[in-house]
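Take a look at the structure below.
The values are calculated or read from the model by the stated rules, or taken from the named source; none is laboratory data. Small disclaimer: the values here were computed from a predicted structure and weren't measured. Heads up, the Cβs are rebuilt from the backbone with ideal geometry, glycines too, and the neighbour counts pull from every protein chain shown.
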Amino acid sequence: MDAAALRLAMIGTGHFARRHLEMIGRDSDVAVVAHLGTGGPSGPALAADYGGEVFSDLDTLIATARPDIAIVTVPPHQHGEIEARLIAARIPFLVEKPIATDRQTAETIAAAIEKAGLVVGVGYNLRAMDVLGEVRQALAAHPVRMVIGEYLTRTPGPLWWRRNATSGGQLVEQATHLVDLALHLLGPAVPVAHRANPAPTRHFEDADVASAQAMLVEFGDGTPGVFTTACVLDKTESLSLRFIAEHLLVSIDLTGATLTENGETRRLSLVENAYRIQDRAFLAAVRANDPSILTCSYADALRTHRLLMDATGR
């Protein structure tokens, strides 16, 4: 371990906490010192694998473990007080998306971050894909005429996900990745229309999230973007973002991008895991006290969140 290793606290002990720890938890310049959990087995399991003490109270964690940084991986409805405590303690953090289930919580957090001048990143990891440089070059050479995002999958198991009040619904919780990447590559957009099928999925009797949604947006030059979601299938059938341009089709998925340009197709596969690129950028931004190093700042994420809140009327 590096003598100057950053002391990391994990806020949340679920699947995504482990994913972040798989990326940086054993790096020599990171020391995992704490895990904030709810009393289940996942916290002790992470501590056994990566080190650190398990806590059930954030104030006690901050006072005892004295973290330099934190990664926040809690369900969407739990955002607000956690961020406020970290900001008050002047602890830079990386928080998973979505940043809230409503607009006011996110706006309040953003204002506090700006006032504190703190480095805070958001886990829109698709922005960190190492193929985006070539994608940008291709899009710059071919006028984009349409954007299509699809997130067609099953209903995840956690109770909080299938309840609208605690997840925000599939467009806000999952397809936000696709919306954010489109904004990142093309620039601002405004909502035009949003429709949802109110019938909940039959996979779970206690689900009340819309089984399918569609959102139409307009980018600055008039280009339409259509984002569709469904959570009624048995597995993920489509998770993609497509840009239809003059003599160019760009299709982005979780493993890279396919470009069909002037009749010729080429595949751009990821060289490095986007989560690792994102997390290492966060560490570098903290060390340099420079938010511009982040792959996605909280201010960047807020623009995506505002669009989704406006479209869905939340």
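Can you tell me which residues in the stretch 221-247 are among the β-branched types (Val, Ile, Thr) and outside any strand (DSSP E or B)?
Keep residues of the stretch 221-247 that are among the β-branched types (Val, Ile, Thr), which gives 223, 226, 228-229, 232, 236, 244.
Once the filter is applied, which keeps residues that are among the β-branched types (Val, Ile, Thr) and outside any strand (DSSP E or B), the stretch 221-247 yields 223, 232, 236.
If you check residue 271 against the conditions, is it outside any strand (DSSP E or B), surrounded by fewer than 16 Cβ atoms within 10 Å (Cβ to Cβ) and over 13 Å from the mean Cα position of the chain (by Cα)?
Against the criterion (outside any strand (DSSP E or B), surrounded by fewer than 16 Cβ atoms within 10 Å (Cβ to Cβ) and over 13 Å from the mean Cα position of the chain (by Cα)), residue 271 qualifies.
Any residue in the stretch 241-264 that's assigned by TED's automatic domain parsing to the domain that holds residue 225 and at positive phi: show its pairings with residues that are buried (at least 18 other Cβ atoms within 10 Å of the Cβ) and part of a strand (DSSP E or B) at Cβ separation under 8 Å, as long as the two are six or more apart or on different chains.
Listed pairs, sorted by first residue: 256/268; 262/248.
I need a count of the residues in the stretch 262-314 that are touching a Pro at 6+ places or on another chain (Cβ under 8 Å) and hydroxyl-bearing (Ser, Thr, Tyr).
Residues that pass the stated criteria total 1.
Answer yes or no: is there a residue in the stretch 248-264 that is in a strand (DSSP E or B), among the β-branched types (Val, Ile, Thr) and touching a Phe, Trp or Tyr at 6+ places or on another chain (Cβ under 6 Å).
Yes.
Hey, could you check the stretch 216-269 for residues that are in contact with a strand residue (DSSP E or B) (Cβ under 6 Å, 6 or more places away or on another chain) and basic (Lys, Arg) and say which is nearest to residue 194 (Cα to Cα)?
Applying the filter and picking the extreme gives 242.
Are there strands (runs of 3 or more DSSP E) fully within the stretch 26-93 with at least 1 residues that are in contact (Cβ under 8 Å) with a residue 40 or more places away in the chain and either under 21 Å from residue 288 (Cα atoms) or within 24 Å of the chain's Cα centre (by Cα) (or both)? List them.
Strands (runs of 3 or more DSSP E) meeting the threshold: 30-36, 69-72.
On the basis of being out of contact with any strand residue (DSSP E or B) (no Cβ under 8 Å at 6 or more places or on another chain), in a helix (DSSP H, G or I) and either under 20 Å from residue 177 (Cα atoms) or not assigned by TED's automatic domain parsing to the domain that holds residue 20 (or both), does residue 111 make the cut?
No: the conditions fail for residue 111.
Just one of 183, 118 is assigned to a helix (DSSP H, G or I) and modelled with pLDDT of 95 or more; which is it?
183
Which one is surrounded by the fewest Cβ atoms within 10 Å (Cβ to Cβ), of the residues in the stretch 2-25 that are in a loop (DSSP other than H, G, I, E, B) and either on the phi < 0 side of the Ramachandran plot or without any contact (Cβ under 8 Å) to a residue 12 or more places away in the chain (or both)?
3
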